[in-house]
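Worksheet: one structure, shown below.
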Amino acid sequence: MSPVLMQGDEACAEGAIAAGCTFFAGYPITPATEIAEHMARRLPQVGGVFIQMEDEIASIAAVIGAAVGGAKAMTATSGPGFSLMQENIGYAAMAEIPCVIVDVQRLGPSTGRPTSPSQGDVMQARWGTHGDHPIIALAPASVRETFDLTVAAFNFAERYRTPVILLMDEVIGHMREGVELPDPAAIERIERAETLVPPEWYKPYENLPSDVPPLIPFGQGYRYHITGLHHDERGYPTERLDEINPWLERIFRKIQRNLSDILLYEEDGVEGARTLVVAYGVVARAARHAVRMARQRGRKVGLLKLQTLWPFPEEVVEQAARSARRVIVPELNLGQLVLEVERVVGRERVRRVNRADGELIKPSDILAAMA
Amino acid sequence: MRPQRESRIHERYLRHTKKFPNIWCAGCGIGIVLGAIIRAVDALGLDKDEVAMVSGIGCTGRMPVYVDFNTLHTTHGRALAFATGLKLVRPEMKVIVVMGDGDALAIGGNHFIHAARRNIGLTTIVVNNATYGMTGGQYSPTTPLGAITSTTPYGHIEPPFQIAELARCAGAAFVARSTVYHVEELQEYMTRALQKEGFSLVEAISYCHTTIGRLNQWGTAPEMMRRLKDDSIPLSLAERMSPEERAGKIIRGILADRDDLTEYTRRYYEEVVQRARREMEWIVPKSVLPVRAVRE
């Protein structure tokens, strides 16, 4: 396909459609509104559903309802709306409903500065909802990557029956770049798994060897129960520990045993690097520039660009930092993902570069941390 | 003699595995409401595979687990929003939404008025017990003025919402109210609500005797049931009464039954999708469109 000038938000919408998304429910919020606007025009064209709900809570609820009906479904919001969605994101994790939640991060807390970039929702993506649960969160650093990671988000959601969060930021969402989108036929699409068993044998939460029991959409003859209560293999509420514990172990195991598939990242010269920069999202762009400048000055600097933030790629970071005496973690917040990096490589090697005033981290800021 | 199909109805609609006894207190009216729903579904001959029951949180929220439909027990207040998503991707399904008064009118009040305004084809049943029963009897949006609850120990100072009137004003296509004493009337309204293509609401009054009833000395469960009979009047009678005479009465009847509205899902697929596809065909030749099958 020929290159087109495209905004990150548009690329997200197009990526969703390419992944097979047929349902979008959302509520206007800067800087994610363009995703909804693009979906409002595009989804009806492909026979899908766009609906603007009365708030963000209703949006995520409608998305989960549509997913239960068999659709690949998505919503998009920013920090304030993301906060409102948290309870139902937990519901999706609990009931194991595949869906994609896009958070185009803006400066917070509260209303903050709607058109300023931020990476302030990294921990919210991990722990925003109450209770222990696994989650997958991806962070793109370019318009093209937004398209690709949106497709990946849908595929992970379907493959692992889990909500997946796409953590964009204001710059990636609003920035326009010339991009060449992949041929739609070449895009890998994971579809909802089917079951071979008849309705009377079907258990929506069965402890199968795959750890991911198929979720059969409502209306196909498999009548069963879905609840946010702790439930047994059939989906019925339970307080029995011998039913709750295997379930709890399974929902973590289904993510943990598939890390090689889920962990997406790019390494650039980490082998033998004396300094390692770990970055994601818009900051990874400044980091790439800083690394290039440092190398021109003869420094052995590596870059680890994380695309999967959650589950945190512990071993990837550990390996990449093996030869590094210093690990620099620049973030558009006052230190969120760095806590994980410090946990893995130890605090003494880590140097933070932070900004949470709506301005970007410059390559020179990262260079200065290498000194 | 009762007809054969009535006598075996529980075997066909209640789940056989691992859920009984139910969680409701002896004397609770929620089971009566559930019975009325089941009989309405049965009378219409609906296919169980095509029926979904969606609920929120609370005593009424526990209703779906007992019935052999496609059942979805969601978060507090959000049942209508979940159901909206489900209905939009499964327009052929009958989606029944059951909620309590706190679920539907307090935490879920926003979704309630907007679902009614959209006129989306959801059959909504609100069991109005005038309190938060599951958490032990706090005041709800329908608790009567002056009532004692666990959070109004000195008396309630807020006026109650009129659920059915609110739904009618918000644009619902069908609105009716009855009580758990008037079982056959309740069932008739549910049957009509299920037949309505647009948003329908049936309010079933079923005051909680365990919490608010006990705190206000409204009597035992049977006594409170008798009060539903004595304190309620049909709409036709209420219309002939003065406001003073009507005060404190439960008005039973069909408050709205509109045929001038188009159901939302139908409208979406027949208007929005068709327009979008016509526009696409005009801009780009059909052969290059990645168009999926449209749900007609």
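The values are calculated or read from the model by the stated rules, or taken from the named source; none is laboratory data. Just so it is clear, the structure is predicted and the values come from calculations on it, not from any experiment. Neighbour counts run over all protein chains shown; Cβ positions are idealised from the backbone, glycine included. Heavy atoms of the whole protein, side chains included, go into the accessibility calculation; ligands, DNA and RNA do not. Shrake-Rupley method; radii C 1.70, N 1.55, O 1.52, S 1.80 Å.
Here segment B:269-296 is the region considered, the condition is being at pLDDT 70 or above and open to solvent by 80 Å² or more (accessible area, probe 1.4 Å), and the residue that is nearest to the other protein chains (Cβ to nearest Cβ) is B:Arg275. Yes or no: segment A:238-256 includes at least one residue that is in contact with a strand residue (DSSP E or B) (Cβ under 8 Å, 6 or more places away or on another chain), surrounded by 20 or more Cβ atoms within 10 Å (Cβ to Cβ) and assigned to a loop (DSSP other than H, G, I, E, B). Checked against the condition, which is being in contact with a strand residue (DSSP E or B) (Cβ under 8 Å, 6 or more places away or on another chain), surrounded by 20 or more Cβ atoms within 10 Å (Cβ to Cβ) and assigned to a loop (DSSP other than H, G, I, E, B), segment A:238-256 yields no hits at all. A residue that is more than 12 Å from every other protein chain (Cβ to nearest Cβ) and assigned to a loop (DSSP other than H, G, I, E, B) occurs nowhere in segment A:54-65. Candidates A:Val329, A:Val338: the one that is assigned to a strand (DSSP E or B), closer than 24 Å to A:Pro109 by Cα and open to solvent by less than 10 Å² (accessible area, probe 1.4 Å) is A:Val329.
Among the numbered conditions (1) of a type outside the set (D, E, K, R); (2) outside any loop (DSSP other than H, G, I, E, B); (3) more than 15 Å from B:Val202 (Cα to Cα), tell me where B:Val98 comes up short. Only one criterion is unmet by B:Val98, namely (3).
Taken together, the residues in segment B:252-268 that are assigned to a loop (DSSP other than H, G, I, E, B) and either open to solvent by less than 50 Å² (accessible area, probe 1.4 Å) or touching a Gly at 6+ places or on another chain (Cβ under 8 Å) (or both) amount to 4.
In the condition set (1) open to solvent by less than 10 Å² (accessible area, probe 1.4 Å); (2) touching a residue at least 60 places away in the same chain (Cβ under 8 Å); (3) more than 14 Å from chain B (Cβ to nearest Cβ), A:Met6 is compliant with all but (1). In the set (1) polar (S, T, N, Q); (2) within 15 Å of the chain's Cα centre (by Cα); (3) within 11 Å of chain B (Cβ to nearest Cβ), the condition left unmet by A:Asn88 is number (2).
From the list A:His225, A:His231, the one residue that fits, being modelled with pLDDT of 95 or more and in contact with a Gly (Cβ under 6 Å, 6 or more places away or on another chain), is A:His225.
Within segment A:259-282, the set of residues being in a loop (DSSP other than H, G, I, E, B) and open to solvent by 40 Å² or more (accessible area, probe 1.4 Å) comprises A:Leu264, A:Gly269, A:Glu271, A:Arg274. Residues that are open to solvent by 10 Å² or more (accessible area, probe 1.4 Å) and either assigned to a loop (DSSP other than H, G, I, E, B) or of a type in the set (S, T, N, Q) (or both) within segment A:73-103 comprise A:Ser83, A:Gln86, listed in sequence order. Looking across segment B:148-187, the residues that are open to solvent by 10 Å² or more (accessible area, probe 1.4 Å) and among the aliphatic types (A, V, I, L, M) come down to B:Ile148, B:Ile157, B:Leu166, B:Ala170, B:Val183.
This table checks each residue for (1) in a helix (DSSP H, G or I); (2) out of contact with any helix residue (DSSP H, G or I) (no Cβ under 9 Å at 6 or more places or on another chain); (3) closer than 30 Å to A:His230 by Cβ; (4) in the same structural domain as A:Ile101 (by TED's automatic domain parsing).
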position: A:Ser116; (1), (2), (3), (4): no, no, no, yes
position: A:Gln124; (1), (2), (3), (4): yes, no, yes, yes
position: A:Gly131; (1), (2), (3), (4): no, no, yes, yes
position: A:Pro140; (1), (2), (3), (4): no, no, no, yes
position: A:Arg144; (1), (2), (3), (4): yes, no, no, yes
position: A:Phe147; (1), (2), (3), (4): yes, no, no, yes
position: A:Val151; (1), (2), (3), (4): yes, no, no, yes
position: A:Arg159; (1), (2), (3), (4): yes, no, yes, yes
position: A:Val164; (1), (2), (3), (4): no, no, yes, yes
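The single condition among (1) within 14 Å of chain B (Cβ to nearest Cβ); (2) in contact with a Ser or Thr (Cβ under 8 Å, 6 or more places away or on another chain) that A:Arg274 does not satisfy is (1).
Quick one: in segment A:12-29, of everything that is among the aromatic types (Phe, Trp, Tyr) and open to solvent by less than 10 Å² (accessible area, probe 1.4 Å), which residue is nearest to the other protein chains (Cβ to nearest Cβ)? It comes out as A:Phe23. Would it be correct to say that B:Ala52 is among the small types (Gly, Ala, Ser) and open to solvent by 40 Å² or more (accessible area, probe 1.4 Å)? Against the criterion (among the small types (Gly, Ala, Ser) and open to solvent by 40 Å² or more (accessible area, probe 1.4 Å)), B:Ala52 does not qualify.
Scanning segment A:341-371 for residues that are outside any helix (DSSP H, G or I) and over 21 Å from A:Gly108 (Cβ atoms) yields a count of 5. Considering only residues in segment A:30-53 that are of a type in the set (Val, Ile, Thr) and buried (at least 22 other Cβ atoms within 10 Å of the Cβ), the one that is farthest from the other protein chains (Cβ to nearest Cβ) turns out to be A:Ile35. The single residue among A:Val100, A:Val104 that is within 12 Å of the chain's Cα centre (by Cα), within 14 Å of chain B (Cβ to nearest Cβ) and of a type outside the set (Gly, Ala, Ser) turns out to be A:Val100.
Checking each residue in segment A:219-233 for being open to solvent by 40 Å² or more (accessible area, probe 1.4 Å) and either more than 23 Å from B:Arg78 (Cβ to Cβ) or over 29 Å from the mean Cα position of the chain (by Cα) (or both) picks out A:Gln220, A:Arg223, A:Glu233.
Kindly indicate whether any position in segment A:210-225 is facing chain B (nearest Cβ under 10 Å) and part of a strand (DSSP E or B). Among the residues of segment A:210-225, at least one is facing chain B (nearest Cβ under 10 Å) and part of a strand (DSSP E or B), which makes the answer yes.
Of the candidates A:Arg285, A:Arg292, the single residue that is open to solvent by 90 Å² or more (accessible area, probe 1.4 Å) and either under 20 Å from A:Ala93 (Cβ atoms) or not hydrophobic (A, V, I, L, M, F, W, C) (or both) is A:Arg292. Of all the criteria given as (1) open to solvent by less than 10 Å² (accessible area, probe 1.4 Å); (2) at the interface with chain A (Cβ under 7 Å from one of its Cβ atoms); (3) within 15 Å of the chain's Cα centre (by Cα), the one not satisfied by B:Arg78 is (1).
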